[in-house]
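The values are calculated or read from the model by the stated rules, or taken from the named source; none is laboratory data. On a predicted model such as this, the values are computed, not experimentally measured, just so you know. Because the Cβ atoms are built from the backbone with ideal geometry, glycine has one as well, and the counts that use them run over all protein chains shown. Ligands, DNA and RNA are stripped out before the accessible areas are found, and what is left, the full protein with its side chains, is counted by its heavy atoms. Shrake-Rupley method; radii C 1.70, N 1.55, O 1.52, S 1.80 Å.
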Amino acid sequence: MRKKVTKAIFPVAGMGTRFLPATKSVPKEIMTLVDRPLIQYAIDEARAAGIKEFIFVTSRGKGALEDYFDHAPQLEQELRKKGKTKLLKTLQSTNMDSGAIAYIRQHKALGLGHAVWCARRLIGNEPFAVMLPDDVIAAEKPCLQQMVEAYNETGGSMVAAMEVEPSKASSYGILDTCEERGDLVKVKGMVEKPNAEDAPSNLAVIGRYILTPTVLQNLNKLKSGSGGEIQLTDAIAQEIAQDRDVYGYRFRGQRFDCGSKSGFLQATVAFGLAREELRDDLSAYLQSISQIDRAAQ
Ligand code: UTP
């Protein structure tokens, strides 16, 4: 029987330089879309997919992240006293079970592959998920849940894949595919950040992965790759060289790159419009500024 995916690694040790000066003191993952930090979206998605153990790979200056996951008994008591039951429920929905979270330090930002490798002892010999919280995905069925369901059928390693314009290929890991089966594509190679003319397809890897423990063994042996960093895609590509299956999964949903300012702003608008209590005000405002813009042109 195939082992279930119950562990997820959240690599959050990056410096978030694109959001300086904010990220001087606020971890990127704590920045909020409407009223919830990015990390909460990732946790909710992981829970929906059946994840029970949450492993954070952190670095210096990420204390606010650990505090966020502490229970807040005083605040809860205060809300209870004031009869603010809706807010109390919202707050309690963020509580994590004791022992469900582990923190590992990545002492040097040597790349995503290295961050994942830092968690190897907590993973052991099981399949595991990797989630990058700055990729926020709005979907009817949460993206990782879609992937876990597909993985339960296929086994192997799986990456979330999305079509991108050729001009954007150099910002992603790009899949070299050999077989299409509905939402799944069989992968025969992966290239990290190729030029448009060298990209083997238009399918880019985004921040959701289900990996077999052999990927960790590959990471053991890896030297730094593209950009001088230890690349996770290189370790996944080695799976193919070792005759193990790797799949790309075309998820259903809208992905926002909240690691970039433009993506973060787009997500703020989209998630704002999705809230009933904000929709009317926000869309009236958006209409008014687009009219001003048109008039100015
Ligand atoms: P990014 O490439 O977005 O880097 O990392 P970053 O440092 O977060 O942001 P910028 O580019 O400086 O603005 C993608 C994910 O990989 C993690 C990051 O925390 C983020 O979740 N990461 C990256 C690590 O955990 N360790 C690393 O050494 C590199």
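Result for the chain in a Gaussian network model with C-alpha springs under 10 Å: among V159, V26, V57, the largest mean-square fluctuation is at V26. Out of P142, A102, F128, whose Cα points farthest toward the positive end of the dipole of the stretch 44-150 (charges: +1 Lys, Arg; -1 Asp, Glu; placed on Cβ)? Checking the options against the dipole of the stretch 44-150, the answer is A102. In the chain, a dipole from Cβ-located charges (positive for Lys and Arg, negative for Asp and Glu) runs towards its positive end, and of I55, H71, Q242 it is H71 whose Cα lies farthest in that direction. Projecting the Cα atoms of T233, Q254, V164 onto the charge dipole of the chain (Cβ charges, centred on the Cα centre) puts T233 farthest toward the positive pole. Placing +1 on the Cβ of every Lys and Arg and -1 on the Cβ of every Asp and Glu, with no other charges, gives the stretch 54-112 a dipole of roughly 200 debye about its Cα centre. Dipole magnitude for the chain: about 860 debye, using +1 per Lys or Arg Cβ and -1 per Asp or Glu Cβ, origin at the Cα centre. Each Cα pair under 8 Å and six or more residues apart adds its sequence gap; the mean of these over the residue count of the chain is a relative contact order of 21 percent. Of the listed pairs K188/K221; K186/K221; K62/K86; K24/K62, which have alpha-carbon separations greater than 19 Å here? The answer is K188/K221; K186/K221; K62/K86.
The trypsin sites (Lys or Arg not before Pro) of the stretch 232-297 that meet both conditions, a loop assignment by DSSP and at most 14 other Cβ atoms within 10 Å of the site Cβ, are R252, R275. Once the 1.4 Å probe is applied to the protein heavy atoms, the chain comes out at 53 Å² accessible per residue.
Hey, what did the stretch 1-137 get for relative contact order, percent, Cα under 8 Å, at least 6 apart? Reported relative contact order: 43 percent. Largest mean-square fluctuation among A196, A72, A169, in a Gaussian network model of the chain whose springs join Cα atoms under 10 Å apart, belongs to A72.
For the stretch 163-235, the fraction of C-alpha pairs more than 15 angstrom apart is 58%.
In the chain, the ratio of gyration radius to Kirkwood radius, Rg to Rh, stands at 0.98 when only Cα atoms are counted. Each of S262 and K86 was given a label point 7 Å from its Cα along the Cα-to-Cβ line. The distance between the two points is 3.6 nm. The charge dipole of the stretch 93-243, taken about its Cα centre with unit charges on the Cβ atoms of Lys, Arg (+1), Asp and Glu (-1) only, comes to about 700 debye.
Distant-in-sequence amide contacts of R105, defined by a placed amide H-H separation under 5 Å and a gap of 5 or more residues or a different chain, comprise T58. Protein heavy-atom surface of the chain, 1.4 angstrom probe: 49% of the accessible area is carbon and sulfur, with nucleic acids and ligands not counted. Here the Gaussian network model covers the chain, with springs between Cα atoms less than 10 Å apart; of N95, N202, N218, N95 fluctuates the most. Taken as Cα centroids, the stretch 145-172 and the stretch 235-297 sit 17 Å apart, rounded to the nearest whole angstrom. Within the same chain, lysines fewer than 8 places from K89 are excluded, and of the rest, those with a Cα less than 16 Å from its Cα are K81. Phi angles of the stretch 188-202 translate, via the Karplus equation with coefficients 6.51, -1.76, 1.60 and θ = phi - 60°, into HN-Hα couplings of 10, x, 9, 10, 8, 6, x, 5, 3, 6, 9, 5, x, 7, 9 Hz per residue; Gly and Pro are given as x. How much FRET efficiency would the formula 1/(1 + (r/R0)^6) give for A48 and V269, where r is the Cβ-Cβ distance and R0 is 22 Å, rounded to 0.05? So the FRET efficiency works out to roughly 0.40. The C-alpha atoms of the stretch 231-297 occupy a region whose extents along the principal axes are 59, 30, 17 Å, arranged from largest to smallest.
Structural size metrics of the stretch 1-135, computed from C-alpha coordinates, are Rg and Dmax of 15.9, 51 Å.
Compute the label zone of I289 within the stretch 259-279: residues whose backbone N is under 16 Å from the point 7 Å along Cα-to-Cβ. Zone members listed by number: 261-274, 279.
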